[in-house]
Structures are given as structure tokens and as C-alpha cells.
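First comes the structure, then the notes that go with it.
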Amino acid sequence: MIEKISLRLMFPSEYQTWKGMKERVNNPNSKTYYRYGGRGVLICSRWIESFNNFISDMREKPSPKHQLDRIDNNGNYTWINCRWVTPQQNGCNSSVSKRWFILGDEYESLNVAESKTGMTKGKIKYMCDGATIDGVYYPPKDGCYSLPLYTD
């Protein structure tokens, strides 16, 4: 028991991450359950058993800002499918992530497209997804579209 307590004290941020992972996967009352446990995402039994196993596999976060990310967003929480990433990297790999194609160039996220093209997110969305304004539909521009990174 002493070992478990000391690991929690040694890795408080990682411990909160571990608790949060279990909450969104196992608690139907969690606000984000529908995006995790509600979609069938599971946690490997090794990590469910103990925080010690989780920290042994994942190690310490590279920085306090790093977040837990599943490489395959449709996959489970396992040592082989998880990594520590920055919030920007994590935003490129969510269940609603899209790839953006603008006049022959591909961008891994809307944020990347905005920073590389100099266009606003709104303009990129309008060009790639079209828009309805005052009941009139304006289709996407030729050569501009977005595709979901993940499909159900």
C-alpha cells in the first residue's frame, strides 16, 4: 500500500490523467462518456487494475501540458495505442478531426490550415464545406473540401 501512495504523490498529474481516463470510459454519468465508453472504447485490464501499471507503461509526462492520446482514436487505452502529446497534437486526433484540402494542399487540422494559409478558420470552412446564408446554399469551392479523419 505504501508503494501505491508514493507513486500517486510522485506523479500527481499522471494520476489525475489516469482517473480521468477511467471516468470517461467507465462512468455513464460522465459528460464525455458518449465519446469514449459510449463508443465502445475500453481500458486494458492492466491499467484498470492499478495506477502503478499505468505509470510503469506510460512513464512521466514530458511536460505538465502533455495529455494522454490514443494513436488510433477508435482503439482502446493500451500501452501500445497511447502516448503523451501536446494539446495541439491532441486536437489533430479527436473523433471529430478532419483533414482539410485546399487547392491541392492537404492540412492535418483546421488550426494548421489557418496558420499555413493565413486564412481564417471561418473562411476555410466556407471554402471547403460550403455554407447556407439566408436560406441560400453556397457550395464548396472547386478543389477545396474536408474529410473526417475517423468514421464510425
Scope region 6-54; condition aromatic (Phe, Trp, Tyr), under 16 Å from the mean Cα position of the chain (by Cα) and assigned to a loop (DSSP other than H, G, I, E, B); matching residues
TYR36
How do the strands (runs of 3 or more DSSP E) wholly within region 64-147 filter down when requiring 1 or more residues that are without any contact (Cβ under 8 Å) to a residue 12 or more places away in the chain and surrounded by 16 or more Cβ atoms within 10 Å (Cβ to Cβ): which remain?
105-107
Which one is farthest from LYS22 (Cα to Cα) among residues in region 44-57 that are of a type outside the set (Ser, Thr, Tyr) and open to solvent by 20 Å² or more (accessible area, probe 1.4 Å)?
ASP57
Can you tell me which residue among LYS98, LYS61, LYS116, LYS123 is of a type in the set (D, E, K, R) and under 30 Å from LEU9 (Cβ atoms)?
LYS61
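The values are calculated or read from the model by the stated rules, or taken from the named source; none is laboratory data. Note that the coordinates shown come from a computational prediction; the quantities given were computed from them, not determined experimentally. Cβ sites come from the backbone with ideal geometry, for glycine too, and all protein chains shown count toward neighbours. Remember, those area values only see protein heavy atoms, side chains included, never the ligands or the DNA or RNA. Shrake-Rupley method; radii C 1.70, N 1.55, O 1.52, S 1.80 Å.
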